[in-house]
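The structure appears right after this line, and notes come after that.
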Amino acid sequence: AAVTVDLNAQTYTAGSASGHITGVGSVVGSSVGGDVFTPLFNAAATYTNPASTLNTINVAAAPSACSVTLVAPEALTCSGISDTFSDIQNVVGSNLGGTITGNASPSVLTGGNTGTTSFYLNGGADTILGSATATNWVSFQNQTLSGVNINLNTGNYSGFNSGTMFHVSSVTGSVTGG
């Protein structure tokens, strides 16, 4: 079964089992994928997963804006603390904003409820979920293989890959044009 590990709240769930954990700084996810990992916000942590399928890092409760990158080496920086992780496909960003950098794989990237979240896309067929109560900015500037066509009415984009974005207030196109 997929697991949910919240090092900040010191809890876990795995299928029908759940409990409390303390003193954990390194987590290995389940072999089936679909895991959700919430890191510590006051000490470094490491998350690895043997199943690289639909795993999520969740920093919504972070006490500050965070920077999350899915480009290797995958990393998270919040409140001056840096974490490392691997085989993460989806991100729930800090409720206080920050940056989320996607990779070439399909991802669901979710911004915070307040502040400004900047999404940097790198060719993945991504779904961008901004918040209607925050400022959300999407950049295709790192996408160098082709131009990007963006339909602001539907939120769909296409080019090297296709995806969808919701509640985005500003977009920067690719360096190759569209």
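The values are calculated or read from the model by the stated rules, or taken from the named source; none is laboratory data. Computed from a predicted structure; not experimentally measured. Note that each Cβ is placed from the backbone with ideal geometry, even for glycine, and that neighbours are counted across all protein chains shown. We work out accessible area using only protein heavy atoms, side chains counted, and drop any ligands, DNA or RNA first. Shrake-Rupley method; radii C 1.70, N 1.55, O 1.52, S 1.80 Å.
Data overview
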{"read-out": "Condition met for Gly80 (touching an Asp or Glu at 6+ places or on another chain (Cβ under 7 Å) and either over 16 Å from Asp6 (Cβ atoms) or aromatic (Phe, Trp, Tyr) (or both))", "value": "no"}
{"read-out": "Lone unmet requirement of (1) part of a loop (DSSP other than H, G, I, E, B); (2) open to solvent by 30 Å² or more (accessible area, probe 1.4 Å); (3) of a type outside the set (Phe, Trp, Tyr); (4) over 23 Å from Gly130 (Cα atoms) for Gly34", "value": "(4)"}
{"read-out": "Residues of region 7-31 satisfying the condition of being open to solvent by 40 Å² or more (accessible area, probe 1.4 Å), modelled with pLDDT of 90 or more and not hydrophobic (A, V, I, L, M, F, W, C)", "value": "Gln10, Thr11, Tyr12, Thr13, Ser16, Ser18, His20"}
{"read-out": "In region 155-172, residue most open to solvent (accessible area, probe 1.4 Å) [restricted to those that are within 24 Å of Gly115 (Cα to Cα) and in a loop (DSSP other than H, G, I, E, B)]", "value": "His167"}
{"read-out": "Qualifying residue in region 43-60 (condition: over 19 Å from Gly130 (Cα atoms), in a strand (DSSP E or B) and among the hydrophobic types (A, V, I, L, M, F, W, C))", "value": "no"}
{"read-out": "Close pairs from region 1-30: first over 15 Å from Thr56 (Cβ atoms), partner surrounded by 14 or more Cβ atoms within 10 Å (Cβ to Cβ) and of a type in the set (D, E, K, R), Cβ under 7 Å, at least 6 apart", "value": "none"}
{"read-out": "Leading residue by the ranking (modelled with the lowest pLDDT) among those in region 143-154 that are open to solvent by 70 Å² or more (accessible area, probe 1.4 Å) and among the polar types (S, T, N, Q)", "value": "Thr144"}
{"read-out": "Residue count for region 79-125, restricted to those that are more than 24 Å from Gly33 (Cβ to Cβ) and assigned to a strand (DSSP E or B)", "value": "8"}
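Conditions (1) at pLDDT 90 or above; (2) open to solvent by less than 30 Å² (accessible area, probe 1.4 Å); (3) closer than 30 Å to Thr48 by Cβ, marked per residue:
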| site | (1), (2), (3) |
| --- | --- |
| Pro63 | yes, no, yes |
| Val68 | yes, yes, yes |
| Val92 | yes, no, yes |
| Gly111 | yes, yes, yes |
| Thr133 | yes, no, no |
| Ser174 | no, yes, no |
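Residues are listed down the side, and each one gets a yes or a no for (1) of a type outside the set (Gly, Ala, Ser); (2) modelled with pLDDT under 95; (3) closer than 23 Å to Ser170 by Cβ:
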position	(1), (2), (3)
Glu74	yes, yes, no
Ile81	yes, yes, no
Asp87	yes, yes, no
Asn103	yes, yes, yes
Val108	yes, no, yes
Thr114	yes, yes, yes
Gly123	no, yes, yes
Ile128	yes, no, yes
